[in-house]
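Please treat every number below as a calculation from the coordinates, not as lab data. For clarity, every value in this text was computed on a predicted model and none was experimentally measured. Using ideal geometry, Cβ is built from the backbone for each residue, glycine included, and neighbour counts are taken over all protein chains shown.
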């Protein structure tokens with residue numbers, strides 16, 4: 001009988017411990033739920049705040065964008081007007097053209113246009129020469145072999161959608177790194 005009583009006491013003790021553990025687990029889950037709800041409220045508040053900031057920024061930038069749009073539209077109209085005026089002047093008598101050339105703004109524009117065009121030409125030449133120098137170094141081509149590669153790069157630049165510099169860069173990979181020769 002004592003064994004049964006001891007077993008019953010053990011069961012009761014285990015049941016009490018399980019009940020206490022279940023209560024603790026329930027309390028932890030409840031705390032977690034509260035924490036999750038608090039975090040959710042905090043995130044919701046943060047999202048509302050950020051959305052509010054975005055709406056405020058949109059409201060502030062909309063007039064600026066409208067002003068820019070108006071300015072661009074006006075610029076487009078003025079550009080069209082200037083273009084048409086230039087066409088009229090080009091077909092006008094020589095004296096009209098000479099008078100236009102006396103305009104200092106046009107003179108500055110012409111100088112800038114020529115300067116920019118000249119710089120682009122020099123940059124293109126420099127880039128092509130640098131690419132061909134790499135081809136020469138990688139392929140080991142000399143003399144007439146290198147002249148053939150240069151001529152071929154220029155030809156490909158003239159007859160394909162790629163520039164001569166891009167053709168030279170392709171030679172650098174194809175001829176030099178893959179073992180092709182200048183005759184190939």
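Values computed for the structure shown
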quantity: Estimated FRET transfer efficiency (residue 60, residue 38; beta-carbon r; R0 35 Å; 0.05); calculated: 0.60
quantity: Within the stretch 21-38, backbone nitrogen closer than 17 Å to the virtual label 7 Å beyond the Cα of residue 49 toward Cβ; calculated: 38
quantity: Cα centroid separation - the stretch 153-173 against the stretch 1-40, whole Å; calculated: 80 Å
